Amino acid sequence: MENFTAYNPTILHFGKNVIDKLPVHLSQTGKKVLLITGKGSVKKYGYYEQVVEKLLDAGKNIVDFPGIKPNPVVDDAEKAVTLARKHKINFIVALGGGSVIDTAKMVNMAYANNLPVWDIMKRRAEPVKKVPLFVILTLAATGSEMNGAAVLQNHQTQEKIGYFSPLMYPDVSFLDPVFTFTVPKNQTVNGIVDLIAHSLEAFFSGGYAPLSDRFVAANILETFDYAPALLNNLTNYELRTRMMWSATVAENGTTMHGRTTSGDWGTHALAHHISLLWNTPHGQTLSVMFPAWMKAMKNKIAQRLQYLGTLLTGKSEINPEETILIFEEFFTKIGAPVRFEQLGLHNQDKQKLLNLWLKNKPTGLNVIINDNDYQNIISFL
Ligand code: NZQ
Ligand code: ZN
């Protein structure tokens, strides 16, 4: 195994009514809170009201910043930073899914360090401090609630990129599976795909890390087990619980230890370009891209595909194509798209995508993607 440092400072409260623990943590913060939310679901379903009540009871002054879009953009983060500066806020609460949390993380870095958001993301400026960040999660998918990563889009530069800092782990996250009962079926499918994709990104990093490999396989098998039942019963507490925890574990470091890099992330980098161009939900870009990437890169990752197939099926003799099929079939079974056309896109759009790849050169940290590979991946989409 490679050397590694295990670090995850997030306090995570998990289960029914964990929001009741919010006041305990609020006693340690200042008075002014920036409350970041999405396009309206939290108000529609009453989560906003519950959180606001707790904040007001604790004597906090709330500065609201609603309206964060799925596939969040850097301009909205900058607007939130301006508001935070105007009100000199003391801490941030993110109430929502990955888009809200990622925005809150970057707002925190830019505000606390008086730096532009995009300069931080492009690593032209280095943040050194933060204000406290609390997360109340309403959607199981990204793992952002227990990691130090954020992803934003910039339409001016035509990029959707990630940024990681140890300063960005939420201080405290509250995960009540009941808050996810209202996530619609298609968005639940997106979350399932995303957590499987995170498991795969971990697996396709390099090095010898057998326990991390087994964690990956266990989480994928766990997801294969609960997903079909959950999609038929979106308000089942136990099934929502299983999904919520497996999404967190897929992307909180557990599956990364001992590898040469913290995941490969080539498929995510490729898939982000689809969101950038057509505002496609993150999960849908991944169910299309992962099978295509595995097919195109098959020769570079043949042994890993075989080993993953063995871990998932128990069969010692399994070929790479069979492993790829396991995922393609599972995505299809749960109603996720596996072909470019299923995203409502056409052949001429593939050229647009290829051109943007050739400009931005997305690649993995372990499995390097070159210009020929781009063409090859496009042919499997
Ligand atoms: O905007 P609202 O009205 O809140 O509605 C949202 C949104 O339309 C809705 N929603 C959220 N909770 C709900 C709900 N609807 C009903 N009931 C609830 N309880 O769901 C929609 C999608 O929300 P979003 O936050 O965009 O989804 P997700 O959590 O999948 O986040 C996706 C973003 O995270 C990034 C993705 O690239 C994408 O931009 N990622 C972040 C990562 C990280 N920080 O570690 C890693 C991931 O690989 C990913 O890249
Ligand atoms: Zn993802």
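The values are calculated or read from the model by the stated rules, or taken from the named source; none is laboratory data. Because the structure is predicted, anything quoted here is derived from the model rather than measured. Because the Cβ atoms are built from the backbone with ideal geometry, glycine has one as well, and the counts that use them run over all protein chains shown. Accessible surface areas use protein heavy atoms only, side chains included; no ligands, DNA or RNA. Shrake-Rupley method; radii C 1.70, N 1.55, O 1.52, S 1.80 Å.
General observations
- Build a GNM of the chain with springs between Cα atoms under 10 Å apart, and of Ser287, Ser199, Ser41 the one that fluctuates most is Ser41.
- For the range 132-230, chymotrypsin sites (Phe, Trp or Tyr not before Pro) are listed when DSSP marks them as loop and at most 16 other Cβ atoms sit within 10 Å of their Cβ; the list is Phe181, Tyr208.
- Fraction of accessible area attributable to carbon and sulfur, the chain (%, probe 1.4 Å): 52 percent
- Partner lysines for Lys300 [C-alpha distance under 27 Å; skip if fewer than 8 residues away on the same chain]: Lys160, Lys315, Lys350, Lys352, Lys359, Lys361
- Per residue, in Å², the accessible surface of the chain once ligands and nucleic acids are set aside, probe 1.4 Å: 41 Å²
- Within the chain, the whole DSSP H helices whose Cα atoms reach 30 Å or more along their own axis and whose mean Kyte-Doolittle score is at least 0.0 are 210-231.
- Computed over the chain: relative contact order in percent, which uses C-alpha pairs under 8 Å that are six or more apart: 16 percent
- Out-of-range pairs (alpha-carbon distance over 20 Å; input Lys32/Lys130; Lys60/Lys88; Lys185/Lys298; Lys32/Lys69): Lys185/Lys298; Lys32/Lys69
- Positive-end residue, the chain charge dipole about Cα centroid, Cβ charges, pick of Thr267, Gln342, Phe179: Phe179
- Whole-number Å³ per residue for the convex hull built on Cα positions in the range 185-380: 108 Å³
- Förster radius 22 Å - calculated FRET efficiency between Lys185 and Glu341, Cβ distance, rounded to 0.05: 0.55
- Loop-resident GluC sites (Glu not before Pro) (DSSP state other than H, G, I, E or B) in the range 258-343 with no more than 14 further Cβ atoms inside 10 Å of their Cβ: Glu317.
- Normalised radius of gyration (Cα atoms, divided by 2.2 N^0.38 Å) for the chain: 0.96.
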